[in-house]
1. So, in the stretch 110-145, how many residues would count as being in a helix (DSSP H, G or I) and among the basic types (Lys, Arg)?
2. Of Arg112, Arg7, which residue is of a type in the set (Lys, Arg), surrounded by 15 or more Cβ atoms within 10 Å (Cβ to Cβ) and at pLDDT 85 or above?
3. Just a yes or no: is a residue in the stretch 45-55 touching a residue at least 60 places away in the same chain (Cβ under 8 Å) and either surrounded by 13 or more Cβ atoms within 10 Å (Cβ to Cβ) or outside any helix (DSSP H, G or I) (or both)?
4. Could you look through the stretch 12-63, keep only residues that are closer than 17 Å to Ala75 by Cβ and either basic (Lys, Arg) or touching a Pro at 6+ places or on another chain (Cβ under 8 Å) (or both), and pick out the one that is modelled with the highest pLDDT?
5. So is Glu119 farther than 25 Å from Ala75 by Cβ and of a type outside the set (Ser, Thr, Tyr) or not?
Amino acid sequence: MNAIKARIKAVLHKILPQKLAALYDRLEELLWYAFFGVLTTAVNFAVYLLLTRLILRGAFAENEAGVTLLSNWCAWAAAVVFAFVVNKLCVFEDREGGKRLLWQFCSFVFMRLASGVFENFVPTGLILWLKMDDVLAKALVAVAVIVANYFFSKFVSFRRKKKADAPPRPQEECAGEESGAPLPEGNRAPETAVNPANDNAPENENATQNGNEPVSGEMPENDNAPKEDKAE
């Protein structure tokens, strides 16, 4: 899916003006959320029609209300599962599993249940108490539910963990530096190589200046050696 999104983005950057391409970059996640929201609605209607028109209609023809209620709940469940998968993998690109996956699914279902209750009861109150048009009330509530579900999914269910800039220093290392105790070999800083010739260089210069060693490379005279007769 990431490769498909990257290709679509590249095509849009080629055909769209620069300002629209920049706007797409800023709203890319929200646009993909809206796109998969439409697909989720399509899944909901598809499952509902499949159950009411083909599967349950013949078996429970006498109980039309029960067929409608059961089909509606099954369609809702299928839509929630579909929405969870596409939001996790395609919209927010989350790949975590294990206990984190279970928590994400439970929080996602809880939010959809809460938004479902809100979507069913609030329009009724707006219509009866505020005398609002039923279509307008349902449209306003639907927009509020979509926005609430998006922010809940982004900042709660699929919230990305913050990565630390640098790992904390080991406690033993800090204690060793404060007390002056030697650190283990793995925590010691690498020692720089010392050239012994350079260390002895100042001493040789001092010794040379004091007359203890010759300045040039000539051999010193030996006082015990026999002197040659100058005159033969």
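1. Let us first name the residues in the stretch 110-145 that are in a helix (DSSP H, G or I), namely 110-129, 134-145.
In the following step, the residues that additionally are among the basic types (Lys, Arg) were identified as 112, 138.
Number satisfying all stated conditions: 2.
2. Details: Arg7 fails: surrounded by 15 or more Cβ atoms within 10 Å (Cβ to Cβ).
None of the other options fit; the residue is Arg112.
3. To start, the set of residues in the stretch 45-55 that are touching a residue at least 60 places away in the same chain (Cβ under 8 Å) comprises none.
No - not one qualifying residue is present in the stretch 45-55.
4. The extreme case among them is Arg53.
5. Working: farther than 25 Å from Ala75 by Cβ: no; of a type outside the set (Ser, Thr, Tyr): yes.
Judged against the criteria, Glu119 is not a match.
The values are calculated or read from the model by the stated rules, or taken from the named source; none is laboratory data. Keep in mind it's a predicted model, so treat the numbers as computed, not measured. Don't worry about glycine lacking a Cβ; one is built from the backbone with ideal geometry, like all the others, and counts go over all protein chains shown.
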